[in-house]
Amino acid sequence: MFSSITRVAALPGVRRRTQVGLLAAAMIGGAAAPAVGATTATHTWYVSAAAAPGGNGTQKAPFNTLAAVEQASVAGDTIIVMPSGPTLAPLDGGIALKPNQHLIGSGPSVVGGSLTNTPRITNTSATQHNGDAVQLASGDEVTNLVITGAYRGGIYGNNVAGVNVHGNDVTAYNTSCTDGFFIAPFTFPTGAPGVGAPLTAGLKNGFAGIMLDASTVAGSVTISQNRVHDAACGDGIDLRLSGTAKLTASIAHNTVNNLNNGGDHQSVLAIGAQTSNSASLTANLSYNSESYVGGLESDSEGFFGYPSDTSHLTMSVDHNTFAHGVGGIGPNGRSANGMEFVILSGAPTASMSITNSSFYDTSGDLMEELNWGVNSTMHLSLSNVTASHSTGAGDSTALPFNNGDCLLESSAGSGTTTTLSATGTHLSDCANNGLTVHNNVVNGSGPAANLAFDVRSSSIHGNRGDNLKVTNLTGLTKLTGRTEGTNLTSATGTDIAFQQSGTTGSTALDLGGGALGSAGGNCITGGGVADAQTNGFTVQAAHNWWGSPTGPGTGRVIAVNGTITTSPNLSAAPTSCSL
């Protein structure tokens with residue numbers, strides 16, 4: 001193995017011009033290892049837990065402590081961590097990297113394999129580097145390490161850019177249960193019009209296995225192909241931006257599983273993104289997976305977007321796989337979600353797109369879009385997304401969230417704009433509703449500004465509450481909702497249900513033949529209670545299939561203080577019935 005890189009090893013004090021990316025690839029058996037910067041004058045140092053004392057950092061006489069190699073190295077250098085056997089303790093004490101360094105574990109890839117000898121490091125004390133195993137500087141690369149048992153974080157960076165953290169196995173970190181993310185106190189809506197309930201203490205999270213803080217830096221970061229797992233008191237991968245920071249993050253091909261909150265922490269996230277003040281984050285998540293996140297008394301999330309103040313958060317999620325959210329806060333164990341996108345205060349701007357992704361099995365809502373700020377703007381778009389099988393309470397009477405919806409769109413602040421679009425999306429087998437659209441203003445003064453949903457060529461069927469449930473409890477300036485070519489069949493409750501006890505200004509609910517241009521083509525039949533109900537809303541629902549060429553059966557459409565227009569109806573089932 002080592003003979004393939006002997007040509008780039010340098011003697012102490014001698015520097016050679018090397019291609020660091022090629023060195024990294026050689027060290028991990030030819031796997032791709034992108035380098036930060038291309039060709040640079042560097043020195044290559046070696047460190048090994050199996051080395052004898054007194055080494056000089058060469059391949060033949062490596063250092064035997066991280067402190068020694070940290071002291072010897074300078075910016076731009078490469079540090080090779082050599083494998084050691086399981087009977088030897090990992091290299092301890094952590095390491096603070098200098099700018100543009102490359103920390104590389106030698107040997108085969110540590111992710112996904114079953115190796116006896118691995119390049120292992122840790123930091124079991126807060127004496128050095130706050131207990132982090134690796135602390136980053138800008139331009140650093142960290143790859144192919146097993147990082148285990150850290151007192152605080154596995155890999156941590158503060159105001160760094162150009163870093164590339166990839167192909168590491170990070171586990172059993174934050175043994176100290178040090179605080180990480182903090183979700184500030186907020187007021188959440190209840191099931192009563194205009195009535196909110198304060199969460200005065202906020203929510204604390206444990207320090208993440210891989211975590212980046214930023215308050216002033218601008219640039220990009222990459223976190224990819226890592227496995228973050230089996231931690232009793234910490235998040236998986238977290239980005240926390242404040243001040244004037246502006247980052248673009250690529251978070252790809254990571255596996256995060258078996259995490260719990262621990263200590264006095266109430267929340268745990270597999271992947272978290274937080275922005276505050278005037279910070280801006282663009283986070284591109286692709287091919288990640290999250291599973292078995294949470295505990296019996298934790299607010300757990302697969303991935304989590306949380307902007308506040310006047311910040312900007314844009315998240316693009318592709319080919320994400322979430323399964324088996326665990327537990328939830330309180331005796332009902334409900335607050336466990338596959339995705340939570342939430343504004344709790346301030347007037348940030350937030351946008352999330354999710355494509356080609358799946359969410360399966362949790363005790364809360366599988367996906368949540370919660371705009372609970374004041375004058376804040378939030379948009380969620382879904383394309384080819386599947387959410388199925390929640391096991392929540394299935395009752396929205398007391399609280400309008402975490403009842404086991406497949407997807408919840410919620411507005412609870414004055415002046416807010418909240419929009420949702422979905423195509424090719426499948427929402428089924430959920431304990432409550434398939435899609436809930438809900439407004440109850442409890443933050444700020446005055447009505448919400450705009451609440452909108454647009455669902456096309458999708459299926460929302462077979463849910464144990466209603467398939468589509470639209471509710472306004474307070475003031476709302478504008479409500480628009482459109483479905484087209486969508487399967488809305490076989491709810492245990494009602495296939496489509498609309499409830500108005502507040503005051504809505506401009507309203508357009510178009511399931512066919514209405515002001516929003518829906519061509520209909522929806523399949524609406526087989527509801528356990530009814531096929532359609534409205535109380536206080538006018539709904540256009542023409543050009544749809546109601547299970548019969550003659551339209552809805554007697555008693556299948558119920559209107560109180562409102563109307564549902566179903567004529568003309570389709571005389572044959574459309575293709576949407578098979579979606």
FRET efficiency, D264 to T575 (Cβ-Cβ, R0 56 Å, nearest 0.05): 0.60
Label point distance in nm, T550-A61, each placed 7 Å from Cα along Cα→Cβ: 9.8
Relative packing of peptides 87-97, 457-467, 363-373 - highest average C-beta neighbours within 10 Å first: 363-373, 457-467, 87-97
Separation of alpha-carbon centers, region 418-452 and region 455-476, rounded to whole Å: 8
Within-13-Å neighbourhood charge of Q71 [Cβ basis; K, R +1; D, E -1]: -1
Relative intensity, log₁₀ I(q)/I(0), of the chain from a Debye sum that treats every alpha carbon as a point, q = 0.05, 0.06, 0.08 Å⁻¹: -0.24, -0.34, -0.57
Simple label model, 7 Å out from Cα along Cβ direction - T200 to T397, nm: 2.8
Straight-distance crosslink candidates among lysines, where the alpha carbon sits under 30 Å from K60 and sequence neighbours closer than 8 are dropped: K98
Chain lengthening between T87 and N375 when straightened (0.36 nm per residue, less Cα-Cα): 97.9 nm
Distance from region 275-317 to region 156-233 (C-alpha centre basis), Å: 8
Förster radius 41 Å - calculated FRET efficiency between S506 and N158 (Cβ-Cβ, nearest 0.05): 0.30
Theoretical FRET efficiency, 1/(1+(r/R0)^6), r = Cβ-Cβ of V560 and S278, R0 56 Å, to 0.05: 0.75
Using θ = phi - 60° and Karplus 6.51 cos²θ - 1.76 cosθ + 1.60, couplings along region 393-402 (whole Hz; Gly, Pro as x): 5, x, 8, 9, 5, 7, 10, x, 9, 6
Within region 142-170, backbone nitrogen closer than 20 Å to the virtual label 7 Å beyond the Cα of T127 toward Cβ: 148-154
Set of aspartates and glutamates with alpha-carbon distance to K478 below 17 Å, sequence-local pairs under 8 removed: E409, D454, D510
Antiparallel content of DSSP bridges confined to region 348-471, in %, to 5: 0
Relative contact order for region 73-134, counting Cα pairs under 8 Å that sit 6 or more residues apart, in percent: 43
Sequence-distant aspartates and glutamates (8 or more away, or on other chains) whose Cα lies within less than 13 Å of K204: D179, D235, D264, E297, D299
Separation of alpha-carbon centers, region 534-579 and region 81-152, rounded to whole Å: 62
Label-point gap, in nm, between T492 and S250 - each point 7 angstrom along Cα→Cβ: 4.5
Vicinal HN-Hα couplings computed from phi for region 346-356 (Karplus, 6.51 cos²θ - 1.76 cosθ + 1.60; Hz; Gly/Pro x): x, 10, x, 10, 9, 9, 9, 10, 10, 10, 6
Karplus-derived HN-Hα couplings along region 465-475 (A = 6.51, B = -1.76, C = 1.60, θ = phi - 60°), whole Hz, x at Gly and Pro: x, 9, 6, 10, 10, 10, 9, 10, 9, 9, x
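Take every DSSP beta bridge with both residues inside the chain and express the antiparallel ones as a percent of the total, to the nearest 5.
Antiparallel: roughly 5 percent of the beta bridges in the chain.
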Accessible surface of region 238-337 [probe 1.4 Å, protein heavy atoms]: carbon and sulfur percent: 50
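The values are calculated or read from the model by the stated rules, or taken from the named source; none is laboratory data. Worth saying up front: this structure is predicted, and the values here are computed from it rather than measured. For neighbour counting, all protein chains shown are included, and Cβ atoms are generated from backbone atoms with ideal geometry for every residue, glycine included. Protein only, heavy atoms only, side chains kept; ligands, DNA and RNA dropped before computing areas. Shrake-Rupley method; radii C 1.70, N 1.55, O 1.52, S 1.80 Å.
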